[in-house]
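Before any comments, here is the structure.
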There are 2 protein chains.
Amino acid sequence: MSALSIGRLAADNGCKVQTIRYYEDIGLLPPPARSDGNQRRYTRAHARRLRFILHSRELGFSIADIRQLLALTDQPQQPCAEVDELAAAHLATVRRRMARLQAMEQELERMLNHCQHGEVRECRVIDVLADHALCATEHGPAQAEG
Amino acid sequence: MSALSIGRLAADNGCKVQTIRYYEDIGLLPPPARSDGNQRRYTRAHARRLRFILHSRELGFSIADIRQLLALTDQPQQPCAEVDELAAAHLATVRRRMARLQAMEQELERMLNHCQHGEVRECRVIDVLADHALCATEHGPAQAEG
DNA sequence: AATAAAACCTCTAGTCACTGTAGGTTCAAG
DNA sequence: CTTGAACCTACAGTGACTAGAGGTTTTATT
């Protein structure tokens, strides 16, 4: 009878104790049994589910996506088209982010290369930041989750 | 004599009215003069500063970075080494994020390519999410600001 | 068995960079 | 002079955690 404490579960899987409690709060991890003193005691099923969540997060899936993916795993005999769609949509998002970062990278490189390392008054970095017309690319707005 | 309303300033520069008020709140934009009826009236200097902020944000600089950059522009006769350092550090951050996104991209591609489009029970996407050992790369944790 | 330290508990607030809403006031056009 | 758009302040919410306060339980050592 594996009865993991929350600290053990966290250490085993490389996350913080608070993160596990958070996933329980938002309903991603089912509430585990409790000890006589009200401390959480996890089974291997919990550990599996936690690993799924953590790994999906590492691959950039949102909590909302993961919620859906977990729901789909509870329907093992259904076709996996929905899973694939979710993953494909996420892949597209990742690619959009990469494109934006690439545009940023190019502009940052460009401005650093043009800087003469003199005074701030004549600094190319400052000039470019002050005027988008000096940019070579159309870089969109910044955005979250890399 | 140019006396821009907040709505005009926002429209001219492609941001939201609230964003401008927010930048004032946190001390990035100086409080402008007010009309008799207490509405904000901006000068071209405000517009310039706002564009600097917005453009820096587009290039992925944090508000903290921008605060520093703005402080440096107020010292035009100083050497621009600090500016360059900030930009270089940011470039490094951008590259780290790109590398992480690239790892994600590879794994997502791989799992989608291996999926047989059968049932969830045997879906490669689900399998990989459940077990990091099935990954080809060491992809670190996700993270913010793309 | 007693003690002390480490780990656990709940609850709340903070992070970042905004965005949205409520409830009220002012401005510009007709 | 009226209407409606734009403005005002103040506060709550977003995502995905993270950190802290203040108190309880477990575990290890003596």
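General observations
- Cβ separations smaller than 9 Å between residues 6+ apart or across chains give the following pairs from the range B:26-41 residues that are within 14 Å of chain A (Cβ to nearest Cβ) and assigned to a loop (DSSP other than H, G, I, E, B) to residues that are at pLDDT 95 or above and near DNA strand D (Cβ under 9 Å from one of its atoms): B:LEU28/B:TYR22.
- Residue that is most open to solvent (accessible area, probe 1.4 Å), among those in the range A:4-29 that are basic (Lys, Arg) and over 13 Å from A:THR43 (Cβ atoms): A:LYS16
- Restricted to the range B:58-87, and to residues there that are open to solvent by 30 Å² or more (accessible area, probe 1.4 Å) and touching a helix residue (DSSP H, G or I) at 6+ places or on another chain (Cβ under 7 Å), the residue that is farthest from the other protein chains (Cβ to nearest Cβ) is B:GLN68.
- Residue check for A:GLN116: out of contact with any Pro (no Cβ under 7 Å at 6 or more places or on another chain) and within 29 Å of B:ASP74 (Cβ to Cβ): yes
For (1) of a type in the set (Lys, Arg); (2) outside the structural domain of A:GLU24 (by TED's automatic domain parsing); (3) in contact with a Cys (Cβ under 6 Å, 6 or more places away or on another chain), each residue gets a yes or a no:
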position	(1), (2), (3)
A:LEU59	no, no, no
A:SER62	no, no, no
A:ALA99	no, yes, no
A:GLU107	no, yes, yes
A:GLN116	no, yes, no
A:ARG121	yes, yes, no
A:VAL125	no, yes, yes
A:HIS139	no, yes, no
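- The range A:42-76 - residue that is closer than 26 Å to A:ARG95 by Cβ and part of a loop (DSSP other than H, G, I, E, B) and, of those, nearest to the chain's Cα centre (by Cα): A:GLY60
- Test: A:LEU91 is more than 7 Å from chain B (Cβ to nearest Cβ), under 30 Å from A:HIS46 (Cα atoms), open to solvent by less than 30 Å² (accessible area, probe 1.4 Å) and assigned to a helix (DSSP H, G or I): no
- Scanning the range B:119-145 for residues that are within 19 Å of A:ARG49 (Cα to Cα), more than 7 Å from chain A (Cβ to nearest Cβ) and open to solvent by 30 Å² or more (accessible area, probe 1.4 Å) yields B:GLU122, B:ARG124, B:ASP127, B:ASP131, B:ALA133, B:LEU134.
- Counted residues, the range B:9-18 - those being free of Cβ contacts under 8 Å to residues at least 24 places away in the same chain and near DNA strand C (Cβ under 8 Å from one of its atoms): 2
- Failed item in (1) touching a helix residue (DSSP H, G or I) at 6+ places or on another chain (Cβ under 8 Å); (2) surrounded by 19 or more Cβ atoms within 10 Å (Cβ to Cβ), with B:ARG100 passing the rest: (1)
- Flag for A:GLN116 being more than 19 Å from B:GLU109 (Cβ to Cβ), more than 7 Å from every other protein chain (Cβ to nearest Cβ) and either of a type in the set (Asp, Glu) or not in a helix (DSSP H, G or I) (or both): yes
- The single condition among (1) in contact (Cβ under 8 Å) with a residue 12 or more places away in the chain; (2) buried (at least 18 other Cβ atoms within 10 Å of the Cβ); (3) assigned by TED's automatic domain parsing to the domain that holds B:LEU28 that B:ALA47 does not satisfy is (2).
The values are calculated or read from the model by the stated rules, or taken from the named source; none is laboratory data. Bear in mind the structure is a predicted one, so any value in this text is a computation, not a measurement. Neighbour counts run over all protein chains shown; Cβ positions are idealised from the backbone, glycine included. The accessibility values were calculated without ligands, DNA or RNA, using every heavy atom of the protein model including side chains. Shrake-Rupley method; radii C 1.70, N 1.55, O 1.52, S 1.80 Å.
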